[in-house]
Each structure stands twice: as structure tokens, then as C-alpha cells.
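The values are calculated or read from the model by the stated rules, or taken from the named source; none is laboratory data. All values reported here derive from a predicted model rather than from experimental measurement. Cβ sites come from the backbone with ideal geometry, for glycine too, and all protein chains shown count toward neighbours. SASA here: full protein model, heavy atoms, side chains in, ligands and nucleic acids out. Shrake-Rupley method; radii C 1.70, N 1.55, O 1.52, S 1.80 Å.
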Amino acid sequence: MKNIYLTSYFPLLAIILFSTSLALKTQMELVYFLKKTGIYQGMLEFFSEGGVKLSLTVLLLVLFFMVFAALKLVADTINGLSLLFFSKDLEGESLTKSRQGSAIYFIGGALSLLSLFSYIGIGILFAAATFIYFSYFVYKASSSLTASGIAGVIFFQVMVWSSLLTGILYLSLKIHNSIMASLPI
């Protein structure tokens, strides 16, 4: 059975898998921090130990799910824009061909559960899945792109993502520095 919609749930599962691995790792770190600061004992008056851990895991899972869902929305928009600007394809066949690439993120998400005890491992798996998917996307779209179109898609993607990440990093550092400067020391 060959159906284009057979793997349509892979992006959702990949988001859930990456979110789960990050939520579990963050929950472990957060529980350690709460125990170290003495807040955890106060929380045990309202919840059982399992309840605290489950509540933190669910809240973190929802938070990471929203972040990854937003990233997927932005990535789909950037992919569509890059093909709009540089592709000869008017029917959307390039996007249809590249849909099977969601299995790459699904496999990366499944592997991220194995690297549950390391942010670096999860980050490396996400970065590797992203790079492999990007290569797969360019390969699948290349049939409707000229040589300059391929260069344009790659340049467009790299510029947009690097601008977004640089902007977020800059704003994060700016907020961090303003908070540190406002502390009475």
C-alpha cells in the first residue's frame, strides 16, 4: 500500500518525542534544583513525590511541544517561501516529494529518548536530523530548481535561520544583561 498520507503523522510524533526527551531531562534537572534550594519539601506538602514529578513533566512537555510546533510552522513557511522564490515548480510537487523527509525527524526523536540524560546528545540529534532533512529537502526539490535556484534556496534558508537565531540570541543576552544590571548588589 503506497499512500502519501501514510506518514502524515510523523511530524506530530517527532515533536512529541523530542518534547518528551527534553521535558524528562529538564524535569530531572528542575527536581534536583528544587531539592537543593529546599523548595521541593514544601511542594511535597501539596503533592506526592510522583505527583510533583508528573506535574513538572507534563508542564514542560506542553512548553517544549509549543516551541517545536512553532519551529515546524516557521520551517514549513520558510521552505514554501524558498520554493516560491527559486523553484520552477508551479504545482507544489517539490513539497509533496519532500514530505517523506518527516521520517528523518521521527527517527531523530526516537533516538533522542535514548540520549535522555544529556542536553548535548538531544541537541546533537536534533541538529543532525535538521541537517539531514535540509539536505533531503534540497535533493528532492532539485528536480525543479536550476543551479542558481539550488544556491538561492540554500542561501535563503541559511540567511533566514541564522537571522532568526541571531536575533533571538541577541534579545536573550540583552534581557539577561538588563536583569543582571538591575539586581541590587
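Figures for the structure shown
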item	result
For the range 121-185: Kirkwood Rh in Å [reciprocal of mean 1/r, alpha carbons]	14.6 Å
Integer Hz, Karplus 6.51/-1.76/1.60 couplings in order for the range 89-104, x for Gly and Pro	6, 9, 9, x, 5, 5, 5, 5, 5, 7, 5, 5, x, 5, 5, 5
Cα convex hull of the range 1-121 - mean projected area over all directions, nm²	10.2 nm²
Nearest-ten-degree value, helix 10-37 long axis tilted from longest Cα axis of the chain	20 degrees
Rounded percent of accessible protein surface that carbon and sulfur make up, the range 1-95, 1.4 Å probe	71 percent
Gaussian network model of the chain, Cα within-10 Å springs - most flexible of 21, 172, 48	172
Reachable lysines, given that their alpha-carbon falls under 21 Å from the alpha-carbon of residue 35 and they are not under 8 places away in the same chain	25, 53
Solvent exposure ordering (accessible area, 1.4 Å, most first) of 132, 15	132, 15
Helix-only mean residue ellipticity at 222 nm for the chain, each DSSP H run of n ≥ 4 adding -39500 (n - 2.57), per residue, nearest 500	-28000 deg cm²/dmol
Accessible solvent surface per residue of the range 51-185, calculated while the other protein chains remain in place, 1.4 angstrom probe, Å²	64 Å²
Nearest 10 degrees, 0 to 90: helix 119-141 Cα axis against the chain principal axis	10 degrees
Estimated inter-spin distance, residue 49 and residue 73, nm [label 7 Å along Cα→Cβ]	4.0 nm
Whole-angstrom Cα spans of the range 57-185 along principal axes, big to small	60, 33, 21
